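One structure is given here, and the rest of the page talks about it.
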Amino acid sequence: MKPIILTSPLQGWASPLEAVPDPVFAERMMGDGIAVDPTGDCLHAPCDAVVLSVHASGHAITLRTPEGAEILMHIGLDTVALGGRGFTPCVVEGATVQRGDPLIRFDLDLLVCEARAVITPVIVTNPERFTIVRRETDRLVGVGEAMMTLEPRDSADVAVVEGDTVRRTIVVPLVHGIHARPAARIGETARKFVSEVKISKDERDGNVRSPVALMALGVKLGDEITLAATGPDAADALAAIGDLILGGMGERAPAPATSKFPREGGGPEATNGSAAGSWAPASAGEQEARKPATTLPADGRLPGVTASPGIAIGQAGLFRLAEITVTREGADATTERAALDAALATVTTRLATKSGTATGAERAILTAHTALLDDPTLTAAAHAAIAQGDSAAYAWRTAIRAQADALKATGDARLAERADDMLDLERQVLRALAGEDLDERLSFPPGTILLADDLLPSHLLGLDTASIVGFCVERGGPTSHVAILAATMGLPALVAAGPALAEITAGTPLILDAGAGLLHVAPDAETLATAQTAFDAQTERRRAALANAARECRTQDGVRIEAFANLGSADDADSAVRNGAEGCGLLRTEFLFLERDSAPSVEEQTADYQRIADTLDGRPLIVRLLDIGGDKPAPYLPIAAEENPALGLRGIRVGLAHPEMLDAQLRAILAVRPAGQCRIMVPMIASLAELRAVRKALDAAAAATGHTEHVALGIMIETPAAAITADLLASEADFLSIGTNDLTQYALAMDRGNPTVASDLDGLHPAVLRLIARTCEGGAVHGKWTGVCGGLASDPLAVPILIGLGVTELSSAPALVPEIKALVATLTIDACRAHAAAAMNCISAADVRTLARSFRP
Ligand code: PEP
Ligand code: MG
């Protein structure tokens with residue numbers, strides 16, 4: 001690693017730390033550094049860095065350099081006591097700054113009069129990793145003059161030259177180690193250089209241009225790896241790749257313990273509402289205790305891990321792909337090589353074509369497949385085998401299986417799941433070589449519960465899902481692509497059911513209770529009857545509701561309630577329309593871009609929003625600005641690790657900290673046609689100032705793009721602050737939409753992803769209801785409508801209360817829209833108001849639920 005040069009952040013007199021009249025600094029309790037007695041009034045960045053934190057009082061700031069050095073600058077002593085007076089921060093947490101950028105402006109006169117001292121320590125707070133090898137003190141310094149030079153203490157991270165090979169050893173800071181995404185980025189960087197670069201760990205090495213070879217090394221967080229580059233630009237290649245890895249690639253932050261991504265109808269709010277009843281997903285703890293069965297249990301209850309909840313009753317269908325036979329001996333090497341290259345080109349083109357129209361999870365899978373297929377070590381291995389006389393098919397199979405085995409051998413579940421993708425690609429290329437149709441379609445009788453050793457993503461996409469009611473696989477993992485797709489397709493699915501699954505013969509009657517993590521094999525009459533009753537009741541309710549889903553949503557006494565749907569993709573939009581949704585009340589735009597390595601361009605975003613707007617066919621589309629940060633990290637937007645991410649940089653705070661990202665999204669939304677179909681919604685608002693900042697950005701984007709039509713700009717009410725000040729916010733917001741998932745977690749101080757408080761995290765708590773009431777009142781003061789797009793809008797027990805409190809728009813999961821509409825049609829406003837008033841006076845969420853169960857419209 002190159003030395004890091006810090007330039008002076010201030011104009012003034014530089015002194016050793018001992019000159020600071022405060023032992024905390026002088027005795028280096030905070031770290032090593034120097035101090036500057038300022039004569040100027042602005043603190044500047046001493047190097048390129050990311051802002052780790054800005055003190056709430058604006059008097060101190062911490063930066064992190066790309067190499068990982070953390071620099072604290074504390075303007076004056078005891079200046080925290082000024083409570084922010086005299087300080088104007090120019091940057092926010094998470095911002096990327098360049099050397100010389102202004103960080104904090106301050107009123108030097110005020111500090112001189114009111115602070116204990118103005119001397120400003122500049123401290124390296126991780127001296128265990130970096131040592132100061134040079135410092136300029138006891139002289140006047142100007143902003144931008146070299147002041148300190150740091151070098152990493154870890155002597156291991158020093159490039160060593162041996163002949164024409166340069167080596168560098170580093171410690172990996174990536175939370176998930178080198179998995180598919182970092183491997184692809186490392187490969188991409190390596191391709192900019194001509195030198196060969198290898199990474200080695202524990203005697204094994206892999207070419208950095210091969211994502212699979214890199215993944216197969218099984219590099220984990222904290223592992224020491226050595227980079228070795230050979231060639232004319234070896235030193236530059238090593239510097240670039242080493243710095244890329246040390247920079248964290250946006251993956252430094254610790255992963256959340258549990259996912260907080262909401263799934264309407266699946267969370268505690270909905271299960272309490274009895275919509276899911278006993279078919280609710282088994283808890284992670286319950287599932288963990290299970291071991292995959294090796295033989296069928298005597299009671300026929302085979303446990304598995306929930307990949308996608310739901311119940312299905314049917315008969316077993318065995319998914320067996322006929323093994324493709326290949327002969328080892330090939331024709332001449334030139335012919336075989338040409339055949340393989342042509343087959344690879346065919347599959348690559350097909351992947352590109354499909355990616356063009358795919359959205360969400362499907363697109364992410366296709367992108368992953370394209371990257372794997374592009375792996376030069378894979379083709380090199382196959383070409384080498386062909387040169388030895390093997391046929392193209394045999395060579396390809398051998399090459400790909402070696403890679404898949406290497407991934408499985410890492411013992412890392414995430415990487416083992418990528419091995420499935422390799423086998424999928426093996427099959428596609430073999431079929432292309434044989435000149436067969438790449439779209440394999442297997443058909444099954446209606447009511448099939450598909451059983452398989454494993455299902456490859458492309459198989460699932462190619463299945464005729466009309467006859468499949470669910471599936472259960474022996475292997476797989478709950479985070480595999482297949483699991484994600486199953487959830488998106490709404491198919492109940494179990495994974496990791498173990499080898500006992502292979503004992504089940506085709507046609508065996510089954511109940512797949514995926515939510516409870518159970519497959520009932522050949523159930524007895526009583527079990528079948530119970531399952532059938534529950535299933536029938538649900539089916540009938542849904543059928544009746546669906547039959548009337550096209551009607552405009554009104555209460556029995558004619559009050560208009562808009563029944564909208566929450567969307568995360570164009571497919572969801574299609575489902576919403578089929579289920580009678582009257583618009584989209586929340587498009588979670590972050591779901592469209594979570595799997596990406598780079599920020600989506602304006603054009604890409606517009607294309608995605610336009611597709612959804614077109615599918616909605618003129619119905620209103622409320623596009624929520626990106627809600628990343630906290631539990632929804634985006635790989636392309638590094639956010640420094642935070643002790644309490646739910647209270648940190650998330651929602652619109654991220655947008656305001658990255659104005660270019662906000663501007664791109666606003667322009668993309670404005671470009672959707674017809675103008676006016678899209679409304680814009682701001683997440684995580686806590687103050688009017690934030691709304692004004694977004695309005696200003698929107699006006700600027702509209703002016704820059706020549707957009708003249710009015711665009712509705714609404715806000716989400718997710719913080720108690722926003723609910724309490726709804727009247728102030730509604731004076732400038734065009735509408736209010738309550739995110740009850742977050743509002744509940746912040747009102748009750750219960751992390752929505754923490755299983756230990758999950759059973760009490762209920763949006764029907766009277767405190768939350770009172771905040772909702774306050775929001776509706778605040779909106780009404782200015783004639784603005786209030787909706788709900790959080791989980792409560794999908795909860796039948798909550799709907800009458802919400803309407804009674806003044807909510808006029810409900811945005812729920814697409815599949816639930818018909819039932820919500822049917823329910824609203826049974827209500828009268830007066831009954832709902834009386835019911836809501838009683839609910840607000842209950843003493844607990846449980847009491848509200850009891851009351852709600854007895855409510856008769
Ligand atoms: C909510 O918080 O209720 C909401 C709808 O937003 P999300 O669940 O996406 O955080
Ligand atoms: Mg939210």
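Here's the picture: a label point sits 7 Å out from the Cα of ASP536 along the beta-carbon direction, and within the stretch 499-529 the residues with their amide nitrogen under 16 Å of it are 525-529. How would you classify the chain from its alpha-carbon gyration tensor, with a ≥ b ≥ c the square roots of the eigenvalues: rounded for a/c under 1.5, else prolate if a/b is greater than b/c, otherwise oblate? Cα axes put the chain in the oblate bin.
The equivalent ellipsoid of the stretch 35-90 has semi-axes of 20, 13, 10 Å, largest first, where each one is the square root of 5 times an eigenvalue of the Cα gyration tensor. Summarising the strand pairing of the chain, around 70 percent of its internal DSSP beta bridges are antiparallel.
If you take all other residues with their beta carbon under 14 Å from the beta carbon of ILE123, and give Lys and Arg +1 and Asp and Glu -1, the sum is -2. Using the Cβ-Cβ distance between ASP236 and ASP727 with R0 = 51 Å, the FRET efficiency computed as 1/(1 + (r/R0)^6) comes to roughly 0.30. Fully extending the segment from ALA525 to ALA689, taken as 0.36 nm per residue of separation minus the present Cα-Cα distance, adds 52.7 nm. Along the Cα→Cβ direction, 7 angstrom out, place labels at ARG853 and GLU503. What is the inter-label distance in nm? About 3.9 nm separates the two model spin labels.
The peptide list 818-830, 728-740, 22-34, put in order of mean Cβ contacts within 10 Å with the highest first, becomes 728-740, 818-830, 22-34. As an exercise, identify the GluC sites (Glu not before Pro) in the stretch 636-716 lying in DSSP coil whose Cβ has no more than 16 other Cβ atoms within 10 Å. Qualifying residues, ordered by number: GLU643, GLU709.
Seen from a random direction on average, the alpha-carbon convex hull of the stretch 560-614 projects onto 4.0 square nanometres. On the basis of the beta-carbon distance and an R0 of 41 Å, ALA607 and GLU777 show a calculated FRET efficiency of 0.50. Protection proxy ranking for 384-395, 833-844, using the average of other Cβ atoms within 10 Å per residue and placing the highest first: 384-395, 833-844.
Using the 1.4 Å probe convention, the accessible area of the chain works out to 40 Å² per residue with neighbouring protein chains retained.
Determine the share of the chain's accessible area contributed by carbon and sulfur atoms, expressed in whole percent, with a 1.4 angstrom probe. Within the chain, the accessible surface is 54 percent carbon and sulfur. Shape summary of the stretch 368-410, radius of gyration then Dmax from alpha carbon positions: 10.6, 31 Å. Over the stretch 712-827, the pair-distance histogram of Cα-Cα distances with 5 Å bins from zero comes to 2, 13, 24, 22, 19, 13, 5, 1, 0 percent, rounded to whole numbers.
Kirkwood analysis of the Cα pair distances in the stretch 176-233 returns a hydrodynamic radius of 11.3 Å. Report note on the peptides 465-472, 769-776: ranked by the mean count of other C-beta atoms within 10 Å, highest first, their order is 769-776, 465-472. With an a/c value of 1.5 or above and a/b larger than b/c for the gyration tensor axes a ≥ b ≥ c computed over the alpha-carbon atoms, the stretch 506-552 is described as prolate. If you sort the three axes of the alpha carbon gyration tensor as a ≥ b ≥ c, you get a/c of 1.5 or more for the stretch 651-774 and a/b above b/c, which makes it prolate.
Between the beta carbons of ARG191 and ILE5, assuming R0 = 30 Å, the FRET efficiency works out to 0.50 to the nearest 0.05. Computed from label points 7 Å out along Cα-Cβ, the spacing between ASP699 and SER57 is 3.5 nm. Scaling the Cα radius of gyration of the stretch 35-173 by the globular reference 2.2 N^0.38 Å produces a ratio of 1.19.
The values are calculated or read from the model by the stated rules, or taken from the named source; none is laboratory data. Remember, it's a predicted structure, so these values are computed and weren't measured experimentally. Using ideal geometry, Cβ is built from the backbone for each residue, glycine included, and neighbour counts are taken over all protein chains shown. These area figures cover heavy atoms from the full protein model, side chains too; ligands, DNA and RNA do not enter into them. Shrake-Rupley method; radii C 1.70, N 1.55, O 1.52, S 1.80 Å.
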